[in-house]
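Reviewing the structure listed below.
The values are calculated or read from the model by the stated rules, or taken from the named source; none is laboratory data. Everything quoted here is computed from the prediction, not taken from an experiment. With ideal geometry, Cβ positions are generated from the backbone for all residues, glycine too; neighbour counts draw on all protein chains shown. Side chains included, ligands, DNA and RNA excluded: accessible areas come from the protein's heavy atoms. Shrake-Rupley method; radii C 1.70, N 1.55, O 1.52, S 1.80 Å.
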Amino acid sequence: MNKTLMSGNHVIGEASIRAGCHFYAGYPITPQNELTEYMSEHMRSNEGRVFIQAESEISAINMIAGAAAAGARVMTSSSSPGMSLKQEGISSMAACELPGVIVNIMRGGPGLGNIRPAQGDYFQATRGGGHGDYRTIVLAPATCQELADLTMDAFDFADKYRTPVMILADGMMGQMMEPVIFKKPTPRQYPEKFMLRGAGTGKSKFIRALLLDPIDAEEHNWKLARKYEVITKNETLCEEYNVEDADMVIVAYGTSARIAKGAIKRLRDNGMKVGLFRPITLWPFPEQKLRALSAKIKNFFVFELSTGQMLDDVRLALQGYAHIDFHGRPGGAVPTPAELTNVIARVYNKND
Amino acid sequence: MIFKAIFSGFGGQGVLMMGTSLAHGAMSNGYHVTFLPSYGAEIRGGTANCTVAIADEEIASPVASEPDYLVVMNAPSLFSFQNKVAAKGVIFLNSSIISERSSRSDVQAYAVPCGDIAQDLGNTRVANIIMMGAFIKKSGIVTPDIYLKSLESIMGGRKKGVAEINRKAFAAGFDYVKD
């Protein structure tokens with residue numbers, strides 16, 4: 001199999017096209033512009049595919065909702081401020097049980113912030129983001145190869161659970177080039193009964209989220225909640241790295257997990273036994289697997305490009321069974337492995 | 001083993017091409033690679049730079065806090081990055097337009113007049129490839145053959161003459177720096 005050197009944004013585009021993405025709508029914003037650009041060029045060279053540069057992020061999310069209702073494989077993408085605009089549409093897709101892939105290449109916030117890599121949208125992504133009782137599956141790749149694999153998986157998760165799935169990466173992941181190999185996508189399995197294809201001579205179908213009768217709406221909410229329980233039970237993904245003999249485990253995802261791996265090499269060279277726990281699904285959070293580590297390991301260190309958001313999930317998972325330290329660099333600042341090494345070495349020796 | 005290199009210059013001097021072609025060559029040679037461009041609200045005539053990491057194991061961070069190699073195509077890049085270079089690192093500078101020299105005494109520096117050489121070859125746009133000739137010779141990260149093959153595959157469907165002038169330019173840079 002041939003390796004291709006591609007930037008993260010292009011990898012997502014290529015993987016989605018190979019996975020059969022049929023309809024893409026987006027609106028430009030740095031640092032994900034190259035994804036929209038890639039789709040504009042490559043969707044048209046595949047027959048029957050549709051690319052639309054929407055007039056706004058809100059239009060783009062509602063366009064993919066419509067196309068998903070009609071049975072298409074759909075994707076949209078944006079970066080932090082644009083994702084805020086999409087939230088109503090995501091809530092609506094979750095309520096209507098419409099499958100779709102939503103890509104957030106995070107940048108510094110809040111507000112317009114800046115265009116450097118950041119991880120400040122963790123709460124927005126994992127807590128639903130929009131209004132109402134719903135969840136979105138959130139995938140957090142750390143390499144271009146994982147971007148390729150998880151983009152394809154995202155479409156399958158979306159269809160399997162009829163729910164929007166988010167790919168949460170950051171400006172570094174979007175801009176960086178790495179060699180990738182594209183796997184063979186699995187054929188789509190999505191029953192026609194969920195698609196609006198025109199009633200013909202049959203009974204008319206509706207897809208809607210306006211449920212004025214509170215008993216109906218309550219029942220719908222519990223139905224969604226049961227679905228989210230199944231996802232939580234079956235679909236957590238994580239990577240454990242050097243945890244077997246570790247005295248301390250760093251918990252980090254995406255770009256910060258890469259920086260942490262660099263720090264771990266340096267720390268181990270200096271005799272400090274540090275490992276990494278990297279959640280790949282941020283929702284559902286791999287709570288059980290993290291808690292299992294706390295049977296042996298009593299010191300955890302959360303590292304994020306934010307002021308501490310995933311930190312909440314780590315606390316919930318560890319339930320006070322272990323000590324937790326935190327280091328964060330919000331607003332687009334990206335530390336080097338050397339800086340993180342120094343910070344962790346201080347804490348490691350203090351806890352020792 | 002891990003090498004990191006920063007390429008920097010004016011937008012338009014082909015510094016991103018220098019980085020991608022090196023990354024591609026190293027990938028063809030079986031190495032792990034990352035390529036990270038500077039991106040942002042850049043202005044025309046502003047600086048562009050990229051960082052390439054090459055290793056025989058998984059690369060943690062694509063950022064170079066202490067690059068082993070620095071290639072600068074204009075003077076502002078020299079001032080921005082020279083103090084980041086690791087001790088015993090190597091700096092390549094485009095002496096056609098950079099009159100200053102590195103203030104570091106603990107690094108090896110090569111002044112390559114790649115702009116002038118390009119002019120002699122009749123195409124000022126190949127200055128970056130001339131510099132890559134010098135870079136590949138001194139770094140030895142990949143062989144000239146692999147590098148040139150990668151360059152051709154990146155340039156893809158461009159005109160046939162391009163591959164030829166690139167080969168000439170590469171050879172000129174390669175021969176300029178002495179063994």
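Here are a few things to note about the model shown:
- A:GLY128 being touching a residue at least 24 places away in the same chain (Cβ under 8 Å), more than 21 Å from A:ASP149 (Cβ to Cβ), open to solvent by less than 10 Å² (accessible area, probe 1.4 Å) and not in a helix (DSSP H, G or I): yes
- Taking the range B:66-104 as the range and being among the aromatic types (Phe, Trp, Tyr) and under 19 Å from B:GLY19 (Cα atoms) as the test, the residues that pass are B:TYR69, B:PHE81, B:PHE92.
- Out of B:ILE59, B:ILE91, sole residue that is under 17 Å from the mean Cα position of the chain (by Cα) and not aromatic (Phe, Trp, Tyr): B:ILE91
- Under the condition of being hydrophobic (A, V, I, L, M, F, W, C) and free of Cβ contacts under 8 Å to residues at least 60 places away in the same chain, the residues counted in the range A:218-236 number 1.
- Scan the range A:194-219 for residues that are touching a Gly at 6+ places or on another chain (Cβ under 9 Å), part of a loop (DSSP other than H, G, I, E, B) and closer than 23 Å to A:GLY132 by Cβ and the total you get is 2.
- Residue within the range B:79-92 that is of a type in the set (Lys, Arg), open to solvent by 40 Å² or more (accessible area, probe 1.4 Å) and on the phi < 0 side of the Ramachandran plot present: yes
- No other residue among A:GLU192, A:GLU239 is under 30 Å from A:ILE17 (Cα atoms) and within 14 Å of chain B (Cβ to nearest Cβ) apart from A:GLU239.
- Matching residues in the range A:168-189 - criterion: being touching a Cys at 6+ places or on another chain (Cβ under 9 Å) and either more than 14 Å from chain B (Cβ to nearest Cβ) or aliphatic (A, V, I, L, M) (or both): A:MET173, A:MET176, A:MET177, A:VAL180
- The number of residues in the range A:135-154 being open to solvent by 10 Å² or more (accessible area, probe 1.4 Å) and in contact with a helix residue (DSSP H, G or I) (Cβ under 6 Å, 6 or more places away or on another chain) comes to 1.
- Comparison of B:ASP120, B:ASP68 shows that the only residue that is surrounded by 14 or more Cβ atoms within 10 Å (Cβ to Cβ) and of a type in the set (D, E, K, R) is B:ASP68.
- Taken over the range A:1-13, the residue count meeting the criterion of being modelled with pLDDT of 95 or more, away from every other protein chain (no Cβ under 13 Å) and open to solvent by 30 Å² or more (accessible area, probe 1.4 Å) is 0.
- Residue satisfying all of: in the range A:36-48; outside any helix (DSSP H, G or I) and open to solvent by less than 60 Å² (accessible area, probe 1.4 Å); modelled with the highest pLDDT among these: A:MET43
- Of the residues making up the range B:26-38, none is farther than 24 Å from B:SER150 by Cβ and either open to solvent by 10 Å² or more (accessible area, probe 1.4 Å) or among the polar types (S, T, N, Q) (or both).
- The strands (runs of 3 or more DSSP E) falling completely within the range B:1-109 that include 3 or more residues that are away from chain A (no Cβ under 14 Å) map to B:2-10, B:69-72, B:90-94.
- Selection of the range A:300-352 for residues being of a type in the set (S, T, N, Q) and away from chain B (no Cβ under 14 Å) yields A:SER306, A:THR307, A:GLN309, A:GLN319, A:ASN349, A:ASN351.
- Taking the range A:179-228 as the range and being among the basic types (Lys, Arg) and more than 30 Å from B:HIS24 (Cβ to Cβ) as the test, the residues that pass are A:ARG188, A:LYS193, A:ARG197, A:LYS203, A:LYS205, A:ARG208, A:LYS223, A:ARG226, A:LYS227.
- Tally of residues being buried (at least 19 other Cβ atoms within 10 Å of the Cβ) and assigned to a loop (DSSP other than H, G, I, E, B) across the range A:55-93: 3
- Counting the residues of the range B:126-162 that are of a type in the set (S, T, N, Q) and either touching a Cys at 6+ places or on another chain (Cβ under 7 Å) or closer than 16 Å to B:MET73 by Cβ (or both) gives 1.
- Elements of type strands (runs of 3 or more DSSP E) contained in the range A:222-284, each with 1 or more residues being surrounded by 24 or more Cβ atoms within 10 Å (Cβ to Cβ): A:248-251, A:274-279, A:281-283
- Residues that are surrounded by 10 or more Cβ atoms within 10 Å (Cβ to Cβ) and without any contact (Cβ under 8 Å) to a residue 24 or more places away in the chain, drawn from the range A:161-217: A:LYS205, A:LEU211, A:ASP216, A:ALA217
- Meets criteria (without any contact (Cβ under 8 Å) to a residue 40 or more places away in the chain and touching a Ser or Thr at 6+ places or on another chain (Cβ under 7 Å)) for B:LEU36: yes
- Consider the range A:313-344 and keep the residues that are farther than 17 Å from A:ALA257 by Cα and out of contact with any strand residue (DSSP E or B) (no Cβ under 7 Å at 6 or more places or on another chain). The one that is least open to solvent (accessible area, probe 1.4 Å) is A:ALA317.
- Scanning the range B:123-169 for residues that are in a loop (DSSP other than H, G, I, E, B) and exposed (fewer than 15 other Cβ atoms within 10 Å of the Cβ) returns B:GLY140, B:THR143, B:GLY156, B:GLY157, B:ARG158, B:LYS159.
- With respect to the conditions (1) surrounded by fewer than 16 Cβ atoms within 10 Å (Cβ to Cβ); (2) aliphatic (A, V, I, L, M); (3) out of contact with any strand residue (DSSP E or B) (no Cβ under 7 Å at 6 or more places or on another chain), B:ALA60 lacks only one, and its number is (1).
- Residues located in the range A:1-35, provided they are of a type in the set (Ser, Thr, Tyr) and not in a strand (DSSP E or B): A:SER16, A:TYR27, A:THR30
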